[in-house]
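These notes concern the structure reproduced below.
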Amino acid sequence: MNDCLFCKIIAGEIPSAKVYEDDKLLAFKDINPQAPVHILIIPKAHYDSVNALDEASAPIVGDIMLVAKRLAEEFHLGSGYRIITNIGEDGGQTVKHLHFHLLGGVKLSEKMC
Ligand code: 5GP
Ligand code: ZN
């Protein structure tokens, strides 16, 4: 966990372009944006991925969705956006700290993979 990049961002050890923060969540701009708006929304508590969630921790995903909706409004994504979470190697997950990508600002590909 000490080696986790996103935990270091939460701790302020690595800088990030923050767009939202509360006691449970942090959102910041992706360093390598795949769309005009590309924001990562993460819990401050470390979970490797969706696979690490249980009944007690899963409500954090609902909190993340509400922040995503709020950021979509703030970043003028009224015409649509996409929320993605990658899980494991075949899912394309490169950072092993649960995160949701908020993508928008362009007509996104209809292809899912
Ligand atoms: P994944 O591929 O695990 O779903 O997504 C990880 C995301 O983290 C990638 O989109 C990547 O560009 C982003 N990322 C990796 N390192 C950093 C960093 O140091 N700062 C920020 N802001 N984003 C990062
Ligand atoms: Zn972490």
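I'd like the distance separating the alpha-carbon centroids of segment 1-65 and segment 95-113, in whole Å.
Result: 14 Å between the Cα centres.
Pull up the cross-link candidates among the lysines for K111, meaning alpha carbon to alpha carbon under 30 Å and not fewer than 8 places away within one chain.
Straight-distance partners of K111: K18, K29, K69, K96.
Would you work out the charge dipole size for the chain about its Cα centre, treating the Cβ of every Lys and Arg as +1 and the Cβ of every Asp and Glu as -1, and quote it to the nearest 20 debye?
The calculated dipole for the chain is roughly 400 debye.
State the cysteines of the chain left without a partner when partners are defined as other cysteines whose beta carbon lies under 4.7 Å away.
Flagged as lacking a Cys partner: C113.
Taking the chain as a Gaussian network, where each spring joins two C-alpha atoms under 10 Å apart, which residue of F75, F100, F28 fluctuates the most?
Result for the chain, Cα springs under 10 Å: F75 fluctuates most.
Whole-Hz Karplus ³J(HN,Hα) for segment 56-70, in order, using 6.51 cos²θ - 1.76 cosθ + 1.60 and θ = phi - 60°, x for Gly and Pro?
Running phi through 6.51 cos²θ - 1.76 cosθ + 1.60 with θ = phi - 60° gives 6, 9, 4, x, 4, 5, x, 4, 4, 4, 5, 5, 4, 4, 5 Hz.
Taking only Cα atoms of segment 27-113, what ratio of Rg to Rh do you get with Rh as the Kirkwood inverse-distance radius? All intermediate terms of the calculation are to be shown ahead of the outcome.
On the way: Rg = 12.9 Å, Rh = 13.5 Å.
The Rg/Rh ratio comes out at 0.96.
Take the solvent-accessible surface of the protein heavy atoms, probe 1.4 Å, and return the percent of it on the chain that carbon and sulfur atoms account for.
The C+S portion of the solvent-accessible surface of the chain is 53 percent.
What length, rounded to one decimal in nm, is gained on full extension from L108 through to K29, with 0.36 nm per residue of separation minus their alpha-carbon distance?
26.6 nm
Taking the Cα centre as origin and putting +1 on Lys and Arg beta-carbons and -1 on Asp and Glu beta-carbons, what dipole magnitude results for segment 71-113, to the nearest 20 debye? Provide the component values of the computation, followed by the final result.
Details: 4 positive and 5 negative charges, 16 e Å.
So the magnitude is around 80 debye.
To the nearest 500 deg cm²/dmol, what mean residue ellipticity at 222 nm is calculated for the chain from DSSP H runs of n ≥ 4 alone, each contributing -39,500 (n - 2.57), summed and divided by the residues?
-6000 deg cm²/dmol
Give the accessible surface of the chain per residue, rounded to a whole number of Å², with probe radius 1.4 Å and ligands, DNA and RNA excluded.
62
Provide the per-residue ³J(HN,Hα) series for segment 76-92, in order, calculated from phi with Karplus coefficients 6.51, -1.76, 1.60 and θ = phi - 60°, each as a whole number of Hz, with x at glycine and proline positions.
Calculated HN-Hα couplings, in order: 6, 9, x, 7, x, 6, 9, 10, 10, 10, 8, 10, x, 4, 5, x, x Hz.
The values are calculated or read from the model by the stated rules, or taken from the named source; none is laboratory data. Here the structure is a predicted model, which is why all the values come from computation and not from measurement. Here Cβ is always computed from backbone atoms with ideal geometry, including for glycine, and neighbour counts include all displayed protein chains. Note: areas computed on protein heavy atoms with side chains; ligands, DNA, RNA excluded. Shrake-Rupley method; radii C 1.70, N 1.55, O 1.52, S 1.80 Å.
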